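See below for the structure under consideration.
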Amino acid sequence: MMKVGVTGGIGSGKTTVCRLFAERGVPVYNSDVEAKRLMERDPAVRGAIRERFGEAAYVGDRLDRQFLADRVFHDAAALAALNGIVHPAVMEDFDRWAREQSHPYVMLESAILFSAGLERRVDRTLAVMAPREVCIRRAVERDGATEEAVRRRAATQLSDDELLARADYTIVNLSMDDLRQDVAKLDLIFRDEAFRC
């Protein structure tokens, strides 16, 4: 079972790319969605968060996301502690999920694939990119956020040059027609590589 990590900056279109692979039958694991699920439902993760951040991290059975965000936003040690709880749980869950799939390869969608060192847990990496101004515009329109807020988030992410240097494959997302063709080509490549693994 070959594992492909998919990443890209805000507004790059990595989720769209993953959706196009999914339409071709490729199982896709969205690490952001699954991390939220694990923080809400996994007893070990919930217990570790409560132990580190206190009972106020949960209101009843629900994670208090604003409380947690306030604790880690300007505190690198707190953020590292949270990541130390969540990232291993997500990767363990991903590995379990991947073993249950029957497709030649699976995909791990993660905005922090390289910054969190998750590329060591996959066999191939794919970076989705687009011009910075295009990404900013897309994210503003999609999220209803201010341009300033989106630019701040984008500034914390890897540059396209860094992604180009680190990723095994790249897709430049400028039009849906081109994107579909690129995904179709990569699907054939990944299938072939998976059979040769």
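The values are calculated or read from the model by the stated rules, or taken from the named source; none is laboratory data. Keep in mind that this is a model prediction, so the values were computed, not measured. Note: ideal-geometry Cβ built from the backbone for every residue, glycine included; neighbour counts use all protein chains shown.
Below is a table of values for the structure above.
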read-out	value
Test: residue 4 is assigned to a helix (DSSP H, G or I) and either touching a residue at least 12 places away in the same chain (Cβ under 8 Å) or not small (Gly, Ala, Ser) (or both)	no
Residue tally, condition closer than 16 Å to residue 175 by Cα and touching a Cys at 6+ places or on another chain (Cβ under 9 Å), over the stretch 9-38	3
Boolean, residue 79 is under 20 Å from residue 108 (Cβ atoms) and either assigned by TED's automatic domain parsing to the domain that holds residue 4 or not polar (S, T, N, Q) (or both)	no
3 or more residues crowded, with 18+ Cβ neighbours inside 10 Å and at pLDDT 90 or above: qualifying helices (runs of 4 or more DSSP H) within the stretch 92-197	176-196
Residues located in the stretch 29-44, provided they are under 18 Å from the mean Cα position of the chain (by Cα) and basic (Lys, Arg)	36, 37
Among (1) buried (at least 16 other Cβ atoms within 10 Å of the Cβ); (2) within 21 Å of residue 110 (Cα to Cα); (3) in contact with a helix residue (DSSP H, G or I) (Cβ under 7 Å, 6 or more places away or on another chain), the one test that residue 87 misses	(3)
Residue count for the stretch 41-87, restricted to those that are β-branched (Val, Ile, Thr) and either at pLDDT below 90 or touching a His at 6+ places or on another chain (Cβ under 9 Å) (or both)	1
The stretch 31-52 residues that are basic (Lys, Arg), paired with ones that are part of a helix (DSSP H, G or I) (beta carbon under 6 Å, 6 or more apart)	50/57; 52/81
Counted residues, the stretch 1-52 - those being in contact with a helix residue (DSSP H, G or I) (Cβ under 8 Å, 6 or more places away or on another chain) and basic (Lys, Arg)	5
Test result for residue 53, in contact with a Leu (Cβ under 9 Å, 6 or more places away or on another chain), under 28 Å from residue 129 (Cα atoms) and aromatic (Phe, Trp, Tyr)	no
